[in-house]
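Participant: This is the structure, below, for whatever I ask next.
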Amino acid sequence: DAKTTQPPSMDCAEGRAANLPCNHSTISGNEYVYWYRQIHSQGPQYIIHGLKNNETNEMASLIITEDRKSSTLILPHATLRDTAVYYCIVRVNNDMRFGAGTRLTVKP
Amino acid sequence: DGGITQSPKYLFRKEGQNVTLSCEQNLNHDAMYWYRQDPGQGLRLIYYSQIVNDFQKGDIAEGYSVSREKKESFPLTVTSAQKNPTAFYLCASSIGVSSPDTQYFGPGTRLTVL
């Protein structure tokens, strides 16, 4: 599975959009981009995934660049409850290779 | 109410004892997984099972054992051979048919070996 690179931490003001970047320059054509988040001492929560096209669901939007070498997870209106570690994963098989993720802190 | 349950949430054991962590799912998923998470780090795959009565080793299987006698259950035994068993253990399941195959996680069990 391709390796991902994420910033270790980010801050966001409550009510503003949180944009979390992920680089996956070695991604191959059949690897999906997945995003999960983990609130302290809980199991990871699935957010969204995509292959080529941008995706949106009730939680977030996923923007994947045309060359697929990077992506951005967008939380449109961050709340305090969105404070968590966000993991970007690229995979084609069933092994979810989690890195260290980005610790997002939403501040009042 | 469908989901994945892990019990207990916190578990304490003395060094040298085997301990079994429970994972149950009522999602009718074929595939189940066990991960280990150490403080400040990502998840590492211990074992996975794609079908009843079959399972494969992940990246860090040494010192662990599993069974998959029922579709709903995938217990993990941490044996005395595991050199550093204190960690947060996460179970996940997925439909298991083909890619993409989203994994859904349980709440985790925090094991502390004294």
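The numbers here are math on the coordinates, done by the rules we state, and not lab data. Here the structure is a predicted model, which means the values were calculated and not measured. Positions of Cβ are backbone-derived with ideal geometry, glycine not excepted, and every protein chain shown enters the neighbour counts.
Participant: Put +1 on the Cβ of every Lys and Arg and -1 on every Asp and Glu Cβ in chain A; which of A:Thr79, A:Thr56, A:Ile39 then has its Cα farthest towards the positive end of the dipole?
Facilitator: A:Ile39
Participant: Is the C-alpha gyration tensor of the range A:31-108 telling us rounded, prolate or oblate? Criteria: a/c under 1.5 is rounded; beyond that, a/b larger than b/c is prolate, otherwise oblate.
Facilitator: Taking the square roots of the gyration eigenvalues as a ≥ b ≥ c, the range A:31-108 is oblate.
Participant: Right, another one. Along the positive direction of the dipole of the protein assembly as shown (beta-carbon charges: Lys, Arg +1; Asp, Glu -1; about the Cα centre), which of A:Cys22, B:Tyr104, A:Pro7 reaches farthest?
Facilitator: A:Pro7
Participant: So which lysines pass the test for A:Lys52, namely a Cα distance under 22 Å, with those fewer than 8 places away in the same chain ruled out?
Facilitator: Those lysines meeting the cut-off are A:Lys3, A:Lys69.
Participant: State the antiparallel share, in %, of DSSP beta bridges confined to chain A, rounding to the nearest 5.
Facilitator: Taking every DSSP beta bridge within chain A, about 85 percent pair in antiparallel fashion.
Participant: Could you calculate, for chain B, the ratio of the Cα radius of gyration to the Kirkwood radius, expressed as Rg to Rh?
Facilitator: 0.95
Participant: Which one, B:Tyr47, B:Phe74, B:Gln37, is farthest towards the positive end of the dipole of the protein assembly as shown when Lys and Arg carry +1 and Asp and Glu -1 on their Cβ?
Facilitator: B:Gln37
Participant: Can you list the equivalent-ellipsoid semi-axes of the protein assembly as shown, largest first and in whole Å, using the square root of 5 times each Cα gyration tensor eigenvalue? All intermediate terms of the calculation are to be shown ahead of the outcome.
Facilitator: Working: eigenvalues 182, 80, 49 Å².
Listed largest to smallest, the semi-axes of the protein assembly as shown are 30, 20, 16 Å.
Participant: Follow-up question, since we're still on this one. Please report A:His40, A:His49 as a ranked list, fewest other C-beta atoms within 10 angstrom at the top and most at the bottom. Can you show the working numbers first?
Facilitator: Values: A:His40 7, A:His49 18.
By the 10 Å Cβ count, ascending, the order reads A:His40, A:His49.
Participant: Moving to a separate point now. What GluC sites (Glu not before Pro) in the range B:21-70 are in a loop by DSSP, with at most 13 other Cβ atoms within 10 Å of the Cβ?
Facilitator: On the way: sites: B:Glu24, B:Glu62, B:Glu69; in loops: B:Glu62, B:Glu69.
Passing sites in the range B:21-70 are B:Glu62, B:Glu69.
Participant: Work out the length of the dipole vector of chain A about its Cα centre, built from +1 on the beta-carbon of each Lys and Arg and -1 on the beta-carbon of each Asp and Glu, and round it to the nearest 20 debye.
Facilitator: Working: 11 positive and 10 negative charges, 39 e Å.
Dipole of chain A, to the nearest 20 debye: 180 debye.
Participant: Take B:Phe12 and A:Ala13, extend 7 Å from each Cα along the Cα→Cβ direction, and tell me the distance between the two endpoints in nm.
Facilitator: The two pseudo-label positions are separated by 4.6 nm.
Participant: Can you pull the mean other chain C-beta count within 10 Å for peptide A:41-47?
Facilitator: Counting Cβ atoms of other protein chains within 10 Å of each residue's Cβ and averaging gives 6.
Participant: Sticking with this structure for a sec: Using a simple charge model, +1 on the beta-carbon of Lys and Arg, -1 on the beta-carbon of Asp and Glu, nothing else, what dipole does chain B show about its Cα centre, in debye to the nearest 20?
Facilitator: Approximately 380 debye in magnitude.
Participant: Right, another one. Quick one: putting +1 on the C-beta of Lys and Arg, -1 on the C-beta of Asp and Glu, what dipole do you get for the protein assembly as shown around its Cα centre, in Debye to the nearest 20? Before the final figure, lay out each step's value.
Facilitator: Working: 22 positive and 21 negative charges, 114 e Å.
Using only the charged Cβ atoms, the result is roughly 540 debye.
Participant: Measure out, as a whole number of angstrom, how far apart the alpha-carbon centroids of the range A:66-90 and the range B:17-92 sit.
Facilitator: 27
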